[in-house]
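Peer 1: Before we start, here is the structure in question, set down as structure tokens.
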Amino acid sequence: MIEKLKMQTPNITEQNMEQIAKLFPNVMTETQDENGNNKRAIDFDLLKQSLSSVLVDNVDERYRLDWPGKKAALLKANTPITKTLRPCRDDSVNFDSTENVYIEGDNFEVLKILQESYLGKIKMIYIDPPYNTGKDFIYKDNFAAKKADYEEELGTTDEEDNKLFRNTDTNGRFHSDWLSMMYERLVVARDLLKEDGVIFISIDDNEVHNLRKICDDVFGEENFVAEIIWQSKSGGGHDEKCIVKESEYIVCFSKTKNITKFGRRIIENPNYKLSDQDEPIRGKYLTNKLDRMMRGEHYSDALNYSILSPDNTEIWPGNTGKKTGDWNWRWSRTKVDWGIKNNFIVIKKGNNNNWAVYSKQYEKMDHHGKVVERNYPYRNVVLSSEYNTTQGGNELQKIFMANIFDYAKPSKFVGHILKMSGVMDDDIIIDLFSGSATTSHAVMQLNAEDKGTRKFIMVQLPEATDEKSEAYKAGYKNIAEIGKERIRRAGTNIVEDNQNKIGIDKLDIGFRVYKTDSSNMEEVYYHPEQLSQDNLFSLASNIKEERTPDDLLTQVILNLGLELNLPIEQKKMHGNSVFIVQTNALVACFDDNINIQIIDEIAQLQPFRVVFKDGGFSESKDRINLEERFKRLSHETLITVI
């Protein structure tokens, strides 16, 4: 049976209702829509009672963060849209082979568009949103109140003529609008994370308290990881009337904290004096005293016992000669017995001629052969001496030879966050407010350092640059243009800086550019009941005239839940253009003269799925015979039309 694609994002509300119906069929009921038609609904009072062991009263008071527009934001997050992405090959680098993606458009719409393709596939999300200082842009949303009553219209529009506004502190919904903007994006973003995925959100003290609360709501308090303090600058601010502010924050949550493995700090230890080879398999080792002073609540009587020395002298932790209440061994008695038996424990006399107990700590080496320690977790404080905003500005100055972007974070700082998150080979990192594309720079640099194959997705609104700015004078009319050029230049520089490193020629420094736009399909594709007898024959195609086969392929890839970074090959078959995505995961032809010869040649590729234009067949008999030909030549292929 031939399937017809919906060509729109999934309806999350309907999916959630299906799950609830499976668990609680008794709460399902019916109501009427705005047209008076019956539709399925949920009896929420009955659902509340089904989830409670006591009688539920209609009490509104509860522990939660509420604001005007929260319910509307949640509804918006669950409502499907028909927007799509259109590829822009001219702006891209290595379009057909690269696995990196750059998307221009409203990041909320982009999240909705990517919802199926990247569901549960993103290892790390980084967000550096507007801090809501009273000078930041906020995308226009349809809240109940009239924003024009108290917001400053910028006179700026996005690519679809939607007006942009500035969220100023005179706005009566100053915090509420920012919260709604963040909330709807986080709700959708959470679904993109892998089960062990993490999200890092940069913020300052204007909204950090509110951000923590909405993240508790979206991700769950139990998945809070840390509030990282970044000393972003030092010095200056001597004219501050209150307290000089040198720090910003990075709020970190996991999707499922108890299974998330974070990165470990790699600290070189050149001064360590390693013992001789213990044995060929284990290699060299350090000795580390097994006892520790543990006073008060940290003391454990179970870890305070004696160990026999080679001359049968009792060794107590702390070398006290007897049991005291403030020293412990680091290992249990059972583990010590195991360590002695398996030669992981050393008992020897120290400088004072007293017996002491040591555990062996074996050296570890990185792929360069350097001795390293990987046993230390990252800390929640990042000092200005390591990474600061001045470094970010200098970095862009070096790349562009001009002061092209204000307040850019240094790529080494974002690299620090990447390492902290534990992203490994083939993991995908997405940055929803990519700005000057610092995150893409950091990902490429980290891949160059450890031969990784991590992939990035950058998302940025093509926000206009100020006509008085250095960026505008240099020819960059919007922020997205800066980000794309930064990736091009940074990638080239990284390859040049590492030209003597083996495998650097395989580093992926390309990226595919996509731009958000309205659907490729005419409105009647989604609402066929609007098609009247008068225009039935005048409508030659349900596809918009200006849309290209590249456009259609992208929307099909997204609609089928495939990733945007899959390799694409174009072939000519009997004069027709055919797209082959990831060998045979998808084969598509959107030409208007498809005949039985092309159908047979495509079928011989044994594709998992094939897509044609519903009205693209040369003759009606070819359309009718389509299923039969695939049954004979490739019976497992799923056939789809648009």
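Peer 1: Of the conditions (1) touching a residue at least 12 places away in the same chain (Cβ under 8 Å); (2) in contact with a helix residue (DSSP H, G or I) (Cβ under 9 Å, 6 or more places away or on another chain), THR492 fails just one. Which one is it?
Peer 2: Unmet condition: (2).
Peer 1: For ILE2, all conditions in the list (1) closer than 30 Å to LEU562 by Cβ; (2) free of Cβ contacts under 8 Å to residues at least 24 places away in the same chain hold save one; what is the number of the exception?
Peer 2: The number of the failed condition is (2).
Peer 1: Looking only at region 356-387, which residues are more than 23 Å from VAL423 (Cα to Cα) and either at pLDDT 90 or above or of a type in the set (S, T, N, Q) (or both)?
Peer 2: ALA356, VAL357, TYR358, SER359, GLN361, SER384, SER385
Peer 1: Any idea which of SER306, SER300 is at pLDDT 85 or above, surrounded by 13 or more Cβ atoms within 10 Å (Cβ to Cβ) and more than 41 Å from the chain's Cα centre (by Cα)?
Peer 2: Details: SER300 fails: surrounded by 13 or more Cβ atoms within 10 Å (Cβ to Cβ).
Just a single option satisfies the conditions, and that option is SER306.
Peer 1: Can you tell me which residue in region 435-462 is farthest from SER97 (Cα to Cα), limited to those that are surrounded by fewer than 17 Cβ atoms within 10 Å (Cβ to Cβ) and touching a residue at least 40 places away in the same chain (Cβ under 8 Å)?
Peer 2: Narrowing region 435-462 to residues surrounded by fewer than 17 Cβ atoms within 10 Å (Cβ to Cβ): 449-451, 453.
Imposing the further condition that a residue be touching a residue at least 40 places away in the same chain (Cβ under 8 Å) reduces the set to 450-451, 453.
Numbers: ASP450: 21, LYS451: 18, THR453: 13 Å.
Selected residue: ASP450.
Peer 1: Also: Look at region 555-567 and say how many of its residues are farther than 12 Å from GLN582 by Cβ and surrounded by fewer than 21 Cβ atoms within 10 Å (Cβ to Cβ). Spell out how you get there, then give the answer.
Peer 2: As a first pass, look at region 555-567 and keep what is farther than 12 Å from GLN582 by Cβ: 555-556, 558-559, 561.
Right, trim to surrounded by fewer than 21 Cβ atoms within 10 Å (Cβ to Cβ) and you get 561.
Residues in region 555-567 being farther than 12 Å from GLN582 by Cβ and surrounded by fewer than 21 Cβ atoms within 10 Å (Cβ to Cβ): 1 in total.
Peer 1: What number of residues within region 309-356 satisfy the criterion of being more than 28 Å from ARG282 (Cα to Cα), surrounded by fewer than 13 Cβ atoms within 10 Å (Cβ to Cβ) and either outside the structural domain of ASN288 (by TED's automatic domain parsing) or within 51 Å of the chain's Cα centre (by Cα) (or both)?
Peer 2: Qualifying residue count, region 309-356: 1.
Peer 1: Can you confirm whether region 437-450 contains a residue that is in a loop (DSSP other than H, G, I, E, B) and at pLDDT below 95? Show your work before the answer.
Peer 2: Kept after step one, since they are in a loop (DSSP other than H, G, I, E, B), are these residues of region 437-450: 437.
Checking which are at pLDDT below 95 leaves us with none.
No, because not a single residue in region 437-450 is in a loop (DSSP other than H, G, I, E, B) and at pLDDT below 95.
Peer 1: Residue check, SER275 against (1) among the polar types (S, T, N, Q); (2) surrounded by fewer than 17 Cβ atoms within 10 Å (Cβ to Cβ); (3) at pLDDT 85 or above, all met but one. Which one?
Peer 2: (3)
Peer 1: Scanning for something acidic (Asp, Glu) and modelled with pLDDT under 90, does region 597-614 turn up at least one residue?
Peer 2: Taking region 597-614 and keeping what is acidic (Asp, Glu), we get 600-601, 614.
Keeping just the survivors that are modelled with pLDDT under 90 gives 614.
The answer is yes; a qualifying residue exists.
Peer 1: Using the structure shown, decide if MET458 is assigned to a helix (DSSP H, G or I) and not aromatic (Phe, Trp, Tyr). I'd like the intermediate steps shown before the answer.
Peer 2: Details: assigned to a helix (DSSP H, G or I): no; not aromatic (Phe, Trp, Tyr): yes.
So MET458 fails the test.
Peer 1: A further question follows. The conditions are (1) touching a residue at least 12 places away in the same chain (Cβ under 8 Å); (2) surrounded by fewer than 16 Cβ atoms within 10 Å (Cβ to Cβ); (3) of a type in the set (Lys, Arg), and LYS613 fails exactly one of them. Which is it?
Peer 2: (2)
Peer 1: Please give the strands (runs of 3 or more DSSP E) falling wholly within region 38-131 in which 1 or more residues are charged (D, E, K, R), over 32 Å from the mean Cα position of the chain (by Cα) and at pLDDT below 85. Don't jump to the end; show me each part of the working.
Peer 2: Working: elements: 38-42, 84-87, 101-104, 122-127.
Hits in region 38-131: 38-42.
The rows are residues; the columns are (1) modelled with pLDDT under 85; (2) crowded, with 16+ Cβ neighbours inside 10 Å; (3) out of contact with any strand residue (DSSP E or B) (no Cβ under 8 Å at 6 or more places or on another chain); (4) among the aliphatic types (A, V, I, L, M).
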{"residue": "ASP161", "(1), (2), (3), (4)": "yes, no, yes, no"}
{"residue": "ASN167", "(1), (2), (3), (4)": "yes, yes, no, no"}
{"residue": "GLY197", "(1), (2), (3), (4)": "no, yes, no, no"}
{"residue": "ILE201", "(1), (2), (3), (4)": "no, yes, no, yes"}
{"residue": "ILE214", "(1), (2), (3), (4)": "no, yes, yes, yes"}
{"residue": "GLU221", "(1), (2), (3), (4)": "no, no, yes, no"}
{"residue": "ALA226", "(1), (2), (3), (4)": "no, yes, no, yes"}
{"residue": "GLU240", "(1), (2), (3), (4)": "yes, no, yes, no"}
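Peer 1: How many of the residues in region 251-272 are modelled with pLDDT of 90 or more and either buried (at least 16 other Cβ atoms within 10 Å of the Cβ) or among the β-branched types (Val, Ile, Thr) (or both)? Steps first, answer last, please.
Peer 2: The initial filter retains those residues of region 251-272 that are modelled with pLDDT of 90 or more, namely 251-263.
Cutting the leftovers down to either buried (at least 16 other Cβ atoms within 10 Å of the Cβ) or among the β-branched types (Val, Ile, Thr) (or both) gives us 251-257, 259-260, 262-263.
Matching residues across region 251-272 total 11.
Peer 1: Step by step: first the residues of region 403-434, then only those that are among the small types (Gly, Ala, Ser) and crowded, with 22+ Cβ neighbours inside 10 Å, then the one that is farthest from ASP196 (Cα to Cα). Which residue is that? Step through it out loud before you land on a result.
Peer 2: Taking region 403-434 first, the residues among the small types (Gly, Ala, Ser) are 408, 411, 415, 421-422, 434.
Next, only the ones that are crowded, with 22+ Cβ neighbours inside 10 Å stay: 408, 411, 421, 434.
Working: ALA408: 29, SER411: 24, SER421: 10, SER434: 23 Å.
Residue satisfying both the conditions and the ranking: ALA408.
The values are calculated or read from the model by the stated rules, or taken from the named source; none is laboratory data. Please read all numbers here as calculations on a predicted model, not as lab measurements. Positions of Cβ are backbone-derived with ideal geometry, glycine not excepted, and every protein chain shown enters the neighbour counts.
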